[in-house]
Amino acid sequence: MEKMRLQKYMAYGGIASRRKCEEIIAQGRVTVNGVTVTEPGTVVSPDDVVKVDGKAVAIKNEKIYIILNKPSGYITTVSDDRNRKTVMDLVKGAGERLYPVGRLDKDTEGLLLFTNDGDFHLYMTHPSKEVDKEYIAKIDGRITEETKKRFKQGFHIDGSMTAPAEIFEDSQQGDSSFVRIIIHEGKKRQVKRMLQECGFRTLYLKRIRIGSVLLGDLPKGKWRHLTKQELRSLGYLKKE
Ligand code: URA
């Protein structure tokens with residue numbers, strides 16, 4: 001748990017709303033490490049002992065893991081100074097201090113994970129972790145054997161080579177086609193840039209899988225908790 005203002009700490013501890021906690025602090029009912037504190041802005045850390053009316057505040061440090069089916073039109077950020085729609089608008093009520101694991105472009109749909117567990121975030125985004133990410137894309141043409149070869153060989157993106165990737169054609173629609181792409185990293189706009197390198201424009205992009213976690217039939221804009229089984233299959237929870 002990071003350092004935070006006293007009223008926020010108390011609110012997390014289930015004492016009352018932050019506003020109400022400010023009043024309780026001002027009333028001189030709160031001690032930090034045995035010393036009465038009346039200043040709501042006081043910053044406390046996990047090692048501090050906070051008591052209200054002599055009773056210790058217990059912080060529930062519940063770890064949360066969420067899967068969202070992100071619709072197009074939302075940017076992947078925790079806050080936006082231009083007041084645009086963000087993915088955080090879609091997981092309100094799922095828990096405090098959540099943040100996205102990796103990112104999807106504003107116009108990309110599909111599977112986006114969230115957590116409040118820093119270890120999980122690090123685990124999932126570490127370059128050594130070669131977890132598959134599977135996408136469906138609509139492109140303005142049809143792939144060839146050469147495209148498949150280039151995806152396998154990798155592309156020079158952001159100063160390094162991408163890991164071998166795969167691309168398959170799913171179906172054809174007039175001059176366009178639907179392809180399925182499996183990559184192993186999360187470089188910025190990676191799929192679109194790989195397709196662009198092969199001369200294609202991405203008309204639609206959706207992530208449908210990360211490792212063994214499938215988007216499935218989760219409705220657009222909705223979220224659910226990851227199951228223990230899913231966390232285990234990502235290699236994050238030890239087998240019992
Ligand atoms: N690759 C992209 O180009 N965009 C995304 O949103 C995700 C992967």
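The values are calculated or read from the model by the stated rules, or taken from the named source; none is laboratory data. Note that the coordinates shown come from a computational prediction; the quantities given were computed from them, not determined experimentally. For neighbour counting, all protein chains shown are included, and Cβ atoms are generated from backbone atoms with ideal geometry for every residue, glycine included.
Evaluated against (1) within 11 Å of the ligand (Cβ to nearest atom); (2) touching a strand residue (DSSP E or B) at 6+ places or on another chain (Cβ under 9 Å), Ile157 falls short on exactly one condition, (2). Taking residues in the range 184-205 that are assigned by TED's automatic domain parsing to the domain that holds Thr144 and touching a residue at least 24 places away in the same chain (Cβ under 8 Å), and partners anywhere that are of a type in the set (Lys, Arg) and near the ligand (Cβ under 7 Å from one of its atoms), the pairs with Cβ atoms closer than 6 Å and at least 6 places apart or on different chains are Thr202/Lys192. The residue that is farthest from the ligand (Cβ to nearest atom), counting only those in the range 113-136 that are over 22 Å from Met88 (Cβ atoms) and without any contact (Cβ under 8 Å) to a residue 24 or more places away in the chain, is Ser128.
Considering the range 3-42, and only residues there that are exposed (fewer than 13 other Cβ atoms within 10 Å of the Cβ) and in contact (Cβ under 8 Å) with a residue 40 or more places away in the chain, the residue that is farthest from Asn116 (Cα to Cα) turns out to be Gly14.
Restricted to the range 40-111, the set of strands (runs of 3 or more DSSP E) holding at least 2 residues that are within 16 Å of the ligand (Cβ to nearest atom), basic (Lys, Arg) and not assigned by TED's automatic domain parsing to the domain that holds Glu23 is empty.
Scanning the range 60-90 for residues that are hydrophobic (A, V, I, L, M, F, W, C) and surrounded by fewer than 20 Cβ atoms within 10 Å (Cβ to Cβ), we see that the one that is farthest from Leu215 (Cα to Cα) is Val78. From the list Arg189, Arg207, the lone residue that is crowded, with 17+ Cβ neighbours inside 10 Å and within 16 Å of the ligand (Cβ to nearest atom) is Arg207.
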